[in-house]
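Working notes, structure below.
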Amino acid sequence: MPITLRPALPLDIDALWALRTVAVRVGCATHYAPEQITVWTASPVPPAYAAMLAAGGGIVAMQDEAIAGYAMLNVDKHEVDAVFVDPARAGLGIGKRLLAALEQLARGRGIAQLHLSASLNAVPFYAAAGFTALREEAYAHPSGISLASVAMEKQLTVA
């Protein structure tokens, strides 16, 4: 089935957060302790999500009229906030398409460099997309836990 991309809308937030929760439970289980994942996935939708969507920073991948994945750009911080794909649809190139669309969105906003804090399981994905690892760090998650992560960045060629 074809995959189409569209802007994320405020009414998508709950569905996006549910997809993110499943993706974290499945995708991060190989790199983080079960206790960490339990706390991580119990956290509520951050208030920043609505602001990122209002700024036009969200992209949704649709397949068979269902949300197959999404990506979020924090335009103000020049930061990739999220790229999540439904684990049942992994391996179809959805994450790559979402990240490429996010980079195009950033270029259109005049952003020349993107940065992010990658979960350990996502480092190879971002590296394959041209992001460079800067350093390992402890990400202070809003839930109060600390998660091992890798700070990464990518220079964008502005069109």
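Just how large is the dipole of the stretch 68-159 about the Cα centre, in debye to the nearest 20, putting +1 at every Lys and Arg Cβ and -1 at every Asp and Glu Cβ?
Values: 8 positive and 8 negative charges, 60 e Å.
Here the size comes out at about 280 debye.
Among rounded, prolate and oblate, which fits the stretch 71-159 when a ≥ b ≥ c are the square roots of the eigenvalues of its C-alpha gyration tensor, a/c under 1.5 means rounded, and a/b larger than b/c means prolate? Provide the component values of the computation, followed by the final result.
Numbers: a/c = 1.63, a/b = 1.18, b/c = 1.38.
Here the stretch 71-159 falls in the oblate category.
Would you please classify the overall shape of the chain from the alpha carbon gyration tensor, given that a ≥ b ≥ c denote the square roots of the eigenvalues, rounded means a/c under 1.5, and beyond that prolate means a/b larger than b/c while oblate covers the rest?
Values: a/c = 1.37, a/b = 1.10, b/c = 1.24.
Rounded shape, in that the Cα axes give a/c under 1.5.
Rounded, prolate or oblate for the stretch 21-66? Axes are the square roots of the Cα gyration tensor eigenvalues, ordered a ≥ b ≥ c, and the cut-off for rounded is a/c under 1.5.
On the way: a/c = 3.01, a/b = 1.50, b/c = 2.00.
Note, shape of the stretch 21-66 comes out oblate.
Cα centroids of the stretch 110-159 and the stretch 9-56: how far apart, whole angstrom?
Cα centroid to Cα centroid, the span is 17 Å.
With each label point set 7 Å from Cα along the Cα-Cβ vector, what nm distance links Leu134 and Gln155?
With each label placed 7 Å out from Cα toward Cβ, I get 1.5 nm.
Name the long-range amide H neighbours of Tyr139: under 5 Å, sequence gap of 5 or more, or other chain; modelled H, no Pro or chain starts.
Leu147, Ala148, Ser149
Tell me which residues come under 5 Å, amide H to amide H, from Ala8 once H is placed; ignore anything under 5 positions away on its chain.
Under 5 Å from the amide H of Ala8: Gly58, Ile59, Val60.
Compute the accessible area per residue over the chain, keeping the other protein chains in place, probe 1.4 Å, unit Å². List each step's numbers first, then the result.
Numbers: 8070 Å² over 159 residues.
On a per-residue basis, the chain sits at 51 Å².
HN-Hα J couplings of the stretch 109-116 from phi, Karplus 6.51/-1.76/1.60, θ = phi - 60°, integer Hz, Gly and Pro as x?
For the stretch 109-116, the Karplus-derived couplings read 9, x, 7, 9, 8, 10, 9, 6 Hz, x marking Gly and Pro.
For the chain, which whole-number percentage of the solvent-accessible area (1.4 Å probe, protein heavy atoms only) is attributable to carbon and sulfur atoms?
Values: 4800 of 8070 Å².
Reported share for carbon and sulfur atoms: 59 percent.
In the neighborhood of Ala50, defined by Cβ-to-Cβ distances under 14 Å, what is the net charge if each Lys or Arg adds +1 and each Asp or Glu adds -1?
Values: positive: none; negative: Asp12, Asp14, Asp76, Asp81.
The answer is -4.
For the stretch 24-114, what is the relative contact order in percent, using Cα pairs closer than 8 Å and at least 6 residues apart in sequence? Please report the intermediate quantities before stating the final value.
Numbers: 102 pairs, mean separation 19.1, N = 91.
Relative contact order, the stretch 24-114: 21 percent.
Expected output is a single nm value to one decimal: the length gained when fully extending between Met1 and His115, i.e. 0.36 nm times separation in residues minus the C-alpha distance. What is it?
Answer, rounded to one decimal: 37.8 nm.
Among the complete DSSP H segments of the chain, which ones combine at least 18 Å of alpha-carbon extent along their axis with a mean Kyte-Doolittle hydropathy of -0.5 or more?
Values: long enough: 13-27 (20 Å, 1.04); 94-108 (21 Å, 0.29).
Passing helices, by number: 13-27, 94-108.
If packing is taken as the mean number of other Cβ atoms within 10 Å per residue, what is the order of 63-73, 104-114, highest first? Write down the numbers at each step before the final one.
Values: 63-73: 20.0, 104-114: 15.0.
Per-residue Cβ counts within 10 Å, averaged per peptide and sorted highest first, yield 63-73, 104-114.
The values are calculated or read from the model by the stated rules, or taken from the named source; none is laboratory data. Everything numeric in this text was worked out from a predicted model, so none of it was measured. So basically every Cβ, Gly included, is an ideal-geometry build from the backbone, and we count neighbours across all protein chains shown. The area values use the complete protein model at the heavy-atom level, side chains included, leaving out ligands, DNA and RNA. Shrake-Rupley method; radii C 1.70, N 1.55, O 1.52, S 1.80 Å.
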